[in-house]
Structure formats: structure tokens, C-alpha cells
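Only one structure is covered here, and it is reproduced in the block below.
FYI, it's all coordinate maths here, none of it is from the lab. What you see is a predicted model, and the numbers here were worked out from it, not measured in a lab. For neighbour counting, all protein chains shown are included, and Cβ atoms are generated from backbone atoms with ideal geometry for every residue, glycine included.
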Amino acid sequence: MIPFIDIHTHALRTAPPEVIALRSLRLGCDAVRPTHPFACGIHPWDAGRPDAEQLLEQLEGLPCDAIGEIGLDRARTPRDEERQRLLFNAQLAIAATRRLPVVLHCVRAFEEVMALLGHYPAVRAVFHGFIGSPQQAARAVAAGCSLSFGSASF
């Protein structure tokens, strides 16, 4: 039997045996308590943090199993699109160097996310809570990405 895989949980509780849960930590927001498996990254909502460069340095040394949730969010306001893009690109580079998968946050930014992912062909990506069109889903899967679905997907 293939286990259920929860690629994004903030819960501290232990998952039942049939569930593999990837704990998600927002760097700079959540306390980093490395219980494996876990993902860690600078969420696009946190792109305006004045300590983002220090958080990137911290991320380079964390013993995480994935980088995430990272990406672009073009719906939330206020937002600094250029800063989101710079941090996303920097985290993709870290993932490529460390050979880690990424968990993506992508809201109204599919084309731009796909273009940036194209610069890192070895990076495996999972779209967290995918809500795009069937055509976008087919394109992402054809590019080697995985999709996760939450309640908003349906």
C-alpha cells in the first residue's frame, strides 16, 4: 500500500503510521526544532523581513529534508515582487546545491515560477495546494513537478 504523504504540516503531533508527514517551518517565524522529515524556507509572505539575508545564511546550514514553502505570491498585498523573486531564486540555488526538493507556494504566478524553475532543472518541485488550470497542471507534471491538493483545489 502506498502511504498517504502530507507534504505540508505545521502540526507538532506525531502522524499515524500510514501517514508520512513533512513538517513545514517558516524560517524567521517558526522555531526550528529539527524533527525529521522537515522543510524550511522563507515564505513569500515574509519577503519583506529586514533579516532575510541572514535567514538565507541560516537556511544553508540547516539539516532540512526539503526547502519550502518558497515561491511567489501575486495576490497578497502589500508585496514586494522583486524581493520575492530574489529570495525565491536564492532558495532555488540553495536547493540545487544541496540537492534538495522544494515545496512551492505559487499564487497567480505560475508562468514566472515555471520560468525560474527552468534555471534549475535538477531541482524536484512540489506545488503545494495546487489551484491552477488543467493545462497548467499538465505543463507542471510534464516538467517533472509534482502537485499536491488541498481543500481549495476542489
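Hey, what do the phi angles of the stretch 80-91 turn into as Karplus ³J(HN,Hα) couplings, whole Hz, using 6.51/-1.76/1.60 and θ = phi - 60°, x for Gly and Pro?
Karplus-based 3J(HN,Hα) across the stretch 80-91 equals 10, 4, 5, 5, 4, 4, 4, 5, 4, 4, 4, 6 Hz.
If you take the square roots of the eigenvalues of the alpha-carbon gyration tensor of the stretch 91-135 and sort them as a ≥ b ≥ c, do you get rounded (a/c under 1.5), prolate (a/b over b/c) or oblate?
Values: a/c = 2.35, a/b = 1.81, b/c = 1.30.
Prolate.
Name the shape class, rounded, prolate or oblate, that the alpha-carbon gyration tensor gives for the stretch 44-154, where a ≥ b ≥ c are the square roots of its eigenvalues, rounded holds for a/c under 1.5, and otherwise prolate holds if a/b is larger than b/c and oblate otherwise. Spell out each step's value before the answer.
Values: a/c = 1.80, a/b = 1.26, b/c = 1.43.
Oblate, because a/c is 1.5 or more while a/b does not exceed b/c.
Starting from the amide H of residue 129, placed 1.01 Å from N in the peptide plane, find each other amide H under 5 Å away whose residue is 5 or more places distant or on another chain.
Counting only residues 5 or more places away or on other chains, the set is 148, 149, 150.
Taking the Cα centre of the chain as origin, sum charge times position over the Cβ atoms of Lys and Arg (+1) and Asp and Glu (-1), and report the length of that vector in debye to the nearest 20. Before the final figure, lay out the partial values.
Numbers: 15 positive and 16 negative charges, 48 e Å.
Once rounded to the nearest 20, the dipole reads 220 debye.
Tell me which cysteines of the chain come out unpaired when the rule is another cysteine's Cβ under 4.7 Å.
Result for the chain is 29, 106, 145, no neighbouring Cys Cβ within the cutoff.
How much FRET efficiency would the formula 1/(1 + (r/R0)^6) give for residue 115 and residue 20, where r is the Cβ-Cβ distance and R0 is 25 Å, rounded to 0.05? Could the numbers behind the result be given before it?
On the way: r = 31 Å, r/R0 = 1.23.
Efficiency at R0 = 25 Å is approximately 0.25.
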